[in-house]
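Chemist: This structure is in structure tokens; I'll ask about it shortly.
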Amino acid sequence: MTPPTPPPAAGPRPAPDPPWALLAELTHGCPLRCAYCSNPRELVRRDAELTAEEWAEVFRQAGDLGVVQSHLSGGEPLLRRDLTGIVAAADRAGIHTQLVTSGVGLHEDRLAALVDAGLRSVQLSVQHTDPRRAEHIAGARASGAKERAARLVRAAGLPLGLNVVLHRANLDAVDALVDLALTWGADRIELANTQFYGWALRNRDALLPHPDQVARARRAVERRRAELAGRLELVWVAPDYVDATAKPCMGGWGAVSLTVAPDGTVLPCPAAADLLGDAAPNVRERRLAWIWRESEAFTRYRGEAWMPDPCRSCALRSVDFGGCRCQAYALTGDAARTDPACRHAPDHGLVRALVDAARSPAAAAGGYAYREEGA
Amino acid sequence: MTDLVRPDGRPQGRSDRCPGRCSAGHPDGHLDWRPARARSVTLRHDRVRGLDLLVLPERVVVLRGAAASILALCDGERDVRAIVAELERRHPGAPVADEVPVFLDRLRHEGWLR
């Protein structure tokens, strides 16, 4: 047995562990206009998108770098007519593909071609069990298309996951959403409390729930999880504002996965475009390996050296990695501050005030701002 | 025998759940069962890390020890008895007959074998 060599106290930075996963945002175009959309306010135009050939090169490089899993997302990835070729390229690179879709545009022939190309799994978004309420949340009518899509995915023998973003308008429907997942034959349902980035930040007052409403939903999820053990996997993504707890965002900055935006911008987290601005690297200009290992954008908050107080002396730093840099930036203008969602953060008062405002009866009255049609 | 690692790199707690689908005609320890990997599960070698993996839609499972070579035999053709016989041939003297059926049942309970 040879003891491991301790790293040198100074000197060249050790190479980071390779990334496991890639989120491929194939387009920002989408038939829905969800009030909770976490994509940026300014979307990438269709004519600036990477071509299928460029995506094939991204997946080749990602496979060489160590990526084994990808989520093909958007916007709505089915808007890409060349999606089948992109799936095939990921599969050739040895990368497992899951399609993350609204279900709009998923027809039988299309799905068969995607499965032939190597698609392994589908995650379908759901806004509400009631079609009228779903239409209000999504800014578009899509419930029928989703039910059809679920049926096709099951018929094709692919695993099906549902993804529900939770907020004031659907937290009371958690039980019904779990029933819907059972009816549709899903293997998994992800009940993800809204994370406030991009467009969702604009609708925050209308989306942010009363803490009691969250507590009821959480109890319902725990009850259903116990009841359905072995039949349906229930995942609860915590509401960091309400819980006053920093999330272990992305498993740490530049630690586990990377995001490629529709125009080839590479980000440590899908919400990091605003924070990085011109410092965000692009696959059209740089190799993915360099971006992951060397770029300033990926090394800036990697590890713990960047941490301010109270993070740097906090026992939670190896659990939550200091929380979310994008949230610190969005709420304080300084990405290196402790995530204000954390109860120990100097800026936690910002979040506390928002949660307190959500307790007031007047909070329920607000409507949504929707993206413009075709945006 | 296996370590479970989530895509975010943190350990995945072992699931004690038993998917309803696994109970159909296959009680634990059944030697006529012909294990096959579930469609959502890909067994692959990770050339970058030098590891064997099971890749699933939302997680990655790192396979240690003989796990990958056992899973490679789960082709839906061989029954448990044949898998045990093959492994006994490859590893004379190893406690294959005791450990392998238990391991296969565990993966069936996870929903990774059917």
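The values are calculated or read from the model by the stated rules, or taken from the named source; none is laboratory data. Note that the structure is predicted; figures quoted are calculated from it, not measured. Note: ideal-geometry Cβ built from the backbone for every residue, glycine included; neighbour counts use all protein chains shown. Note: accessible area is taken over every heavy atom of the protein model, side chains too, but ligands, DNA and RNA are not part of it. Shrake-Rupley method; radii C 1.70, N 1.55, O 1.52, S 1.80 Å.
Chemist: Report, by residue number, each residue of segment B:26-72 that is more than 8 Å from every other protein chain (Cβ to nearest Cβ), free of Cβ contacts under 8 Å to residues at least 40 places away in the same chain and touching a His at 6+ places or on another chain (Cβ under 7 Å).
Modeler: Matches in segment B:26-72: B:ASP52 only.
Chemist: Restricting attention to segment A:58-85, which residues are more than 10 Å from chain B (Cβ to nearest Cβ) and in a helix (DSSP H, G or I)?
Modeler: Selection gives A:VAL58, A:PHE59, A:ARG60, A:GLN61, A:ALA62, A:PRO77, A:LEU78, A:LEU79, A:LEU83, A:THR84, A:GLY85.
Chemist: Additional query: Here's a check for you: in segment A:122-134, which residue that is part of a loop (DSSP other than H, G, I, E, B) and polar (S, T, N, Q) is farthest from the chain's Cα centre (by Cα)?
Modeler: Once the filter is applied, the top-ranked residue is A:THR129.
Chemist: On to the next question. Can you name the residue in segment A:301-335 that is under 23 Å from A:GLY277 (Cβ atoms) and more than 21 Å from the chain's Cα centre (by Cα) and is also most open to solvent (accessible area, probe 1.4 Å) among such residues?
Modeler: Restricting to residues being under 23 Å from A:GLY277 (Cβ atoms) and more than 21 Å from the chain's Cα centre (by Cα), the top hit is A:ALA305.
Chemist: Next question, about the same structure. Give the residue that is farthest from A:LEU65 (Cα to Cα), with candidates limited to residues of segment A:281-290 that are open to solvent by 20 Å² or more (accessible area, probe 1.4 Å) and in contact with a helix residue (DSSP H, G or I) (Cβ under 6 Å, 6 or more places away or on another chain).
Modeler: A:VAL283
Chemist: Additional query: Could you please let me know if A:LEU119 is crowded, with 21+ Cβ neighbours inside 10 Å, in a loop (DSSP other than H, G, I, E, B) and at pLDDT 95 or above?
Modeler: For A:LEU119, the condition - crowded, with 21+ Cβ neighbours inside 10 Å, in a loop (DSSP other than H, G, I, E, B) and at pLDDT 95 or above - is met.
Chemist: What is the number of the single condition among (1) in contact with a Leu (Cβ under 9 Å, 6 or more places away or on another chain); (2) farther than 23 Å from A:SER121 by Cβ; (3) open to solvent by 40 Å² or more (accessible area, probe 1.4 Å) that A:ARG154 does not meet?
Modeler: Every listed condition holds for A:ARG154 apart from (2).
Chemist: Take segment A:238-270 and flag every residue that is closer than 30 Å to A:HIS210 by Cβ, within 12 Å of chain B (Cβ to nearest Cβ) and open to solvent by 30 Å² or more (accessible area, probe 1.4 Å).
Modeler: A:LYS247, A:PRO248, A:MET250
Chemist: Sticking with this one: Mind listing whichever residues of segment B:49-80 are charged (D, E, K, R) and exposed (fewer than 14 other Cβ atoms within 10 Å of the Cβ)?
Modeler: Of everything in segment B:49-80, those that are charged (D, E, K, R) and exposed (fewer than 14 other Cβ atoms within 10 Å of the Cβ) turn out to be B:ARG64, B:ASP75, B:GLU77.
Chemist: Given (1) over 30 Å from A:ALA272 (Cβ atoms); (2) open to solvent by less than 20 Å² (accessible area, probe 1.4 Å); (3) in contact with a His (Cβ under 8 Å, 6 or more places away or on another chain), identify the lone condition not met by A:ASN170.
Modeler: The single condition A:ASN170 does not satisfy is (1).
Chemist: Here's something else I'd like to know. The conditions are (1) open to solvent by less than 40 Å² (accessible area, probe 1.4 Å); (2) closer than 30 Å to A:GLY185 by Cα; (3) within 14 Å of another protein chain (Cβ to nearest Cβ), and A:VAL214 fails exactly one of them. Which is it?
Modeler: The failed condition is (3).
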